[in-house]
Structures are given as structure tokens and as C-alpha cells.
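The values are calculated or read from the model by the stated rules, or taken from the named source; none is laboratory data. What you are looking at is a predicted structure, and each value in this text was computed from that prediction instead of being measured. Positions of Cβ are generated from backbone atoms using ideal geometry, with glycine treated the same way; all protein chains shown enter the neighbour counts.
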Amino acid sequence: MADTFKDVRIPASLYARIEKRLPNTDFKTVADYISYLVRKILDTIEEDENKGKKDFTPDEEREIEDRLRNLGYID
Amino acid sequence: MVDPHGGRLVERVCGERTRRVITEQAREFPCLPIDADLVKDVKNICFGVFSPLEGFQCQDDFDGVVGHCRLANDVPWSIPVVLDAGEGFARSVKPKDEILLVTAGKDPVVVAKLAVEDVYQYDKTEYVRNVFKTDDPKHPGVKASLEKEPWLLGGKLDLIAEVKTAFARYNLKPRETRYLFKKRGWKTVAAFQTRNPPHLGHEYVQKSALTVCDGLLINPVIGRKQPGDFTDEVILASYEALIDNYYVKDTCALTTFETEMHYAGPREAVHHAIARKNLGCSHFIVGRDHAGVGSYYGPFDAQEIFKQFPDLGITPINFRAFYKCKKCGSVVSDKICPHGPEFQVDFKGRVVRQMLAEGKIPCDEMRPEVAEAIMRYKDLFVL
Ligand SMILES: [Zn+2]
């Protein structure tokens with residue numbers, strides 16, 4: 001059940017830059033640190049893409065509002 | 001408001017016509033009886049509490065979760081959500097079959113339809129060592145896992161009947177909590193997970209979170225309990241009393257999270273956070289030894305694990321320790337009180353329980369209205 005990996009080529013200068021920062025982090029390897037950073041950045045990008053989506057249709061709003069009122073969650 | 005985990009709120013509930021047809025033709029489908037805990041999983045999947053899961057996990061997701069806390073699409077997920085089956089049943093179904101999940105016992109109710117995608121076996125020892133960090137059968141989560149059947153069925157679910165519990169009125173679905181938060185204008189919401197009535201320390205933690213968030217969701221876990229635990233009705237009544245008497249109107253909501261406790265410590269803390277993110281919470285309060293049991297986990301392991309997930313999408317609020325300080329004259333945390341241990345008075349759960357059982361109000365530890373609400377019940381604890 002181990003994680004599987006793929007190779008990615010990055011510029012040597014970038015690798016060196018990340019490697020230099022490694023002692024200031026909790027990460028053991030450059031690969032771990034890059035995975036962390038990429039996940040962090042992708043999460044922000046994906047969050048931006050989802051912005052502006054409508055949460056509820058008017059019908060759904062009415063239905064939920066009725067139920068929440070019946071249960072005493074809204075006045 | 002925060003996006004649902006994985007970007008989309010899952011809702012998999014059959015329409016009225018499909019429901020009627022399936023119920024009428026139930027005899028023609030293979031039926032698998034499931035226990036009350038699995039019924040809760042089915043509901044949590046189908047109403048989106050476990051978004052982005054659309055069903056019980058197939059092997060690629062299962063391996064990712066057990067191995068490194070990620071689904072096959074790299075979305076963080078820490079506790080496997082799986083359907084176990086005995087060898088006979090597992091060998092009788094194959095991918096693309098449709099089966100019905102029914103309540104166990106007399107007069108079975110058809111709960112959901114499962115479109116089987118995967119039938120697989122797994123190594124239980126590796127499973128428990130990864131998920132629970134121990135294979136000690138005395139650990140309640142390990143014990144329950146080792147008792148599971150040896151085969152797992154994965155595939156998408158469609159809910160047919162919502163089996164309600166005694167506390168259905170508190171069991172809001174993600175779309176309902178999300179609507180409620182929006183209606184109240186809460187952009188940031190802190191979730192507080194609990195299995196106990198509130199003492200002054202809990203109130204301090206919750207109100208600390210409320211000073212930085214727009215709203216607070218108190219979200220007790222309702223489910224199978226250990227003997228000696230407070231009963232669900234006592235927990236809910238005690239919180240109603242606290243909210244009525246000590247919270248500013250419309251800053252706090254009380255709803256339940258119906259699920260089985262696994263006692264998997266750090267991994268379960270992440271699991272609990274994901275469920276609350278789906279309910280619309282932006283923050284999750286993590287205390288000492290969250291979802292732990294015995295001494296299997298370090299007191300702050302459940303806080304440390306969040307560092308592995310920069311893409312979790314819900315922010316932990318960590319509390320290391322809170323207690324009463326005789327010098328400060330109030331409930332404090334180690335972060336704001338400079339005084340030494342000689343001034344600290346810890347909250348003593350055992351004393352509180354004892355006093356409540358004897359009908360005495362533990363004034364130093366608990367609001368009197370909360371204690372009175374608890375003592376209105378004859379049976380405070382699970383037998
Ligand atoms: Zn102090």
C-alpha cells in the first residue's frame with residue numbers, strides 16, 4: 001500500500017534553491033518539500049476556480065429554509 | 001464560505017420514482033445486511049458529509065488512504081470508508097452488479113443501492129498498523145477492524161431510505177448547515193467536536209474560537225458509545241442550556257455528526273475536520289489527544305498531523321492546555337497565562353461526573369444551568 005511515484009525534471013538551479021531551504025523546514029527530502037508546496041498552490045488555484053458558483057437554486061433555498069424554520073434554527 | 005472537500009458537495013439520493021421501483025423489485029437484487037454504523041456511513045456519503053466520496057472506497061482509493069492519507073486523485077483522506085462482506089457474498093458479486101444494502105435484523109429496510117465497481121481483499125494487519133499506529137487488539141478501533149469481514153466492496157451509492165435516529169432534528173445535512181451559515185452571514189465558522197457535556201474549559205475554548213470566527217458549530221458525535229459515557233440526550237440538553245444562557249443569539253448552532261468513533265487519534269482528527277469542512281466550517285478546534293484512547297497517541301499528535309496537509313482547506317485551531325488559574329482568576333490556556341503550576345487547577349471530569357450522579361452542582365467546573373439540565377435526566381450514563 002506504499003505511495004507510488006513519478007519522475008519530474010526541474011531546473012538544477014531551482015533544485016539547489018529548494019535544497020538550500022530544506023534545513024529550515026520539517027521536510028526530509030526535496031521531493032517531500034516540493035510535493036507540499038505544489039499541493040498548497042494547487043489548492044489555492046482550485047479554490048479560485050470554484051469562486052462564484054451558485055450554492056442553491058431558489059427552489060432549494062425555499063425547501064431548506066422551511067425545514068430550518070420548522071426545526072427552530074431560524075426565526 | 002469554504003468549498004466542499006474535493007470541490008463539490010456530493011448528493012446521491014434516489015428520486016421518488018426510482019425509490020419506488022427499487023423497493024418493489026427488491027427481491028430481484030442481492031441484498032447485503034449492514035449494521036447501524038454502516039447505515040451512518042451510507043447517510044454521510046449520500047448527503048455529502050464525506051464529500052468527495054460518492055460511495056464505499058474501491059481499492060485504489062483504499063490503498064492511497066491506508067498508505068499515505070490521500071485518495072487516488074490526491075485529495076486528503078485519512079480514514080478508510082469501506083463496506084466489508086463475507087467471502088460467500090463477495091464471491092457471488094462482481095463489478096457492474098447492483099446490490100441493495102438493507103438494515104440488519106427483523107423487517108429489513110432497503111437503505112441504498114450499491115453499484116459494485118470493485119471486490120477486493122486486504123491485509124488487516126497492515127491496515128490497522130497504518131491507520132491506528134498499533135495492532136494491539138485492546139485498542140477499540142483495532143478490535144473493531146479485526147472483527148470485520150475479509151472482503152471489501154467498493155462502488156457508488158444511491159440512498160433509498162433515510163434511516164432516522166432519535167435525534168434526527170439535530171442531524172442537519174451539509175446543504176442545510178451551509179444554508180444556515182449563509183443566512184446568518186457567517187463567512188468563517190469554527191467547528192467544535194465533542195462527546196461530553198460542556199464544562200467551563202470547553203466554553204472558554206469555544207468562545208476563544210468565536211472571537212476570531214463569525215460563528216461556532218457545536219457538533220457532538222452521536223453514535224455507538226462505551227459504557228460510562230454520557231448519553232446522547234444528556235449531551236444535547238446540556239448544550240442547549242449553555243447556548244440559551246451563555247451565548248449571544250445567532251452566533252452558535254448545535255447539530256450532530258452521526259458516525260462511529262474509531263479512536264484513531266491523529267488520523268481521525270483529520271477525518272473529523274474534513275466532515276466539518278463539508279458542513280461549511282472554515283476552522284476546526286483540535287484539543288489534547290483528539291479522538292485518542294488509552295496512551296496510543298502523543299497528546300499533540302492530532303495537532304501535528306495537520307502540517308502534512310497544506311491543501312486540507314480547513315484551518316485547525318490548536319489548544320494545548322486549558323485550566324483555571326488562581327492568580328488570573330479565570331479559565332485560561334497555557335498561551336495566555338504566565339503563572340506556574342502551583343496556580344493551576346485542572347478540570348476534573350471524574351469529580352464532575354461523580355457530583356452530577358449524586359445530584360450536586362459542580363459549581364467550580366460547570367454552569368449551574370448546564371448541571372441542572374443534565375440532572376433532569378434519570379440515566380446520565382450509558383450502561
Ligand atoms: Zn494565570
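Annotations
- Close Cβ contacts (under 8 Å, 6 or more residues apart or on different chains) running from residues in the range B:323-340 that are more than 17 Å from B:S208 (Cβ to Cβ) to residues that are of a type in the set (F, W, Y) and within 6 Å of the ligand (Cβ to nearest atom) comprise B:K326/B:F343; B:K327/B:F343.
- The residues on offer are B:V332, B:V351, and the sole one that is under 26 Å from B:D244 (Cα atoms), within 16 Å of the ligand (Cβ to nearest atom) and among the aliphatic types (A, V, I, L, M) is B:V332.
- Of all the residues in the range B:362-383, those that are in contact (Cβ under 8 Å) with a residue 12 or more places away in the chain, outside any helix (DSSP H, G or I) and farther than 16 Å from B:H202 by Cα number 7.
- In the range B:245-271, the residues that are under 13 Å from the mean Cα position of the chain (by Cα) and not in a helix (DSSP H, G or I): B:T255, B:T256, B:F257, B:E258, B:T259, B:E260, B:M261, B:H262, B:Y263, B:A264, B:G265
Yes/no per residue for (1) assigned by TED's automatic domain parsing to the domain that holds B:R12; (2) on the phi > 0 side of the Ramachandran plot; (3) outside any loop (DSSP other than H, G, I, E, B):
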position: B:G155; (1), (2), (3): yes, yes, yes
position: B:L172; (1), (2), (3): no, no, no
position: B:E176; (1), (2), (3): no, no, yes
position: B:Y179; (1), (2), (3): no, no, yes
position: B:K187; (1), (2), (3): no, no, no
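Condition check ((1) in contact with a helix residue (DSSP H, G or I) (Cβ under 7 Å, 6 or more places away or on another chain); (2) over 21 Å from B:Y263 (Cα atoms); (3) more than 14 Å from every other protein chain (Cβ to nearest Cβ)) across all residues:
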site: B:D35; (1), (2), (3): no, no, yes
site: B:F47; (1), (2), (3): yes, yes, no
site: B:F50; (1), (2), (3): yes, no, yes
site: B:Q59; (1), (2), (3): no, yes, no
site: B:F62; (1), (2), (3): no, no, no
site: B:V65; (1), (2), (3): no, no, no
site: B:W77; (1), (2), (3): yes, no, no
site: B:L83; (1), (2), (3): yes, no, yes
site: B:R91; (1), (2), (3): no, yes, yes
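- The lone exception for B:G280 - which of (1) modelled with pLDDT of 90 or more; (2) away from chain A (no Cβ under 14 Å); (3) in a loop (DSSP other than H, G, I, E, B) it fails: (2)
- Of all the criteria given as (1) over 17 Å from the mean Cα position of the chain (by Cα); (2) at the interface with chain B (Cβ under 9 Å from one of its Cβ atoms), the one not satisfied by A:E47 is (1).
- Within the set B:E117, B:E162, the sole residue that is buried (at least 16 other Cβ atoms within 10 Å of the Cβ) and either within 14 Å of another protein chain (Cβ to nearest Cβ) or in a helix (DSSP H, G or I) (or both) turns out to be B:E162.
- Sole exception among (1) surrounded by fewer than 24 Cβ atoms within 10 Å (Cβ to Cβ); (2) within 15 Å of the chain's Cα centre (by Cα); (3) closer than 25 Å to B:E11 by Cβ for B:I274, by number: (1)
- Any hit, the range B:324-337, residues being surrounded by 15 or more Cβ atoms within 10 Å (Cβ to Cβ) and under 22 Å from A:L37 (Cα atoms): no
- Of all the residues in the range B:125-144, those that are without any contact (Cβ under 8 Å) to a residue 40 or more places away in the chain, under 23 Å from the mean Cα position of the chain (by Cα) and surrounded by fewer than 22 Cβ atoms within 10 Å (Cβ to Cβ) number 4.
- Of the residues making up the range B:255-271, those that are hydrophobic (A, V, I, L, M, F, W, C) and buried (at least 24 other Cβ atoms within 10 Å of the Cβ) are B:A264, B:A269, B:V270.
- Only one entry in B:K124, B:K148 is touching a strand residue (DSSP E or B) at 6+ places or on another chain (Cβ under 7 Å) and of a type in the set (K, R), namely B:K148.
- Consider the range B:335-348 and keep the residues that are more than 30 Å from B:D379 (Cα to Cα) and not in a loop (DSSP other than H, G, I, E, B). The one that is nearest to the ligand (Cβ to nearest atom) is B:F343.
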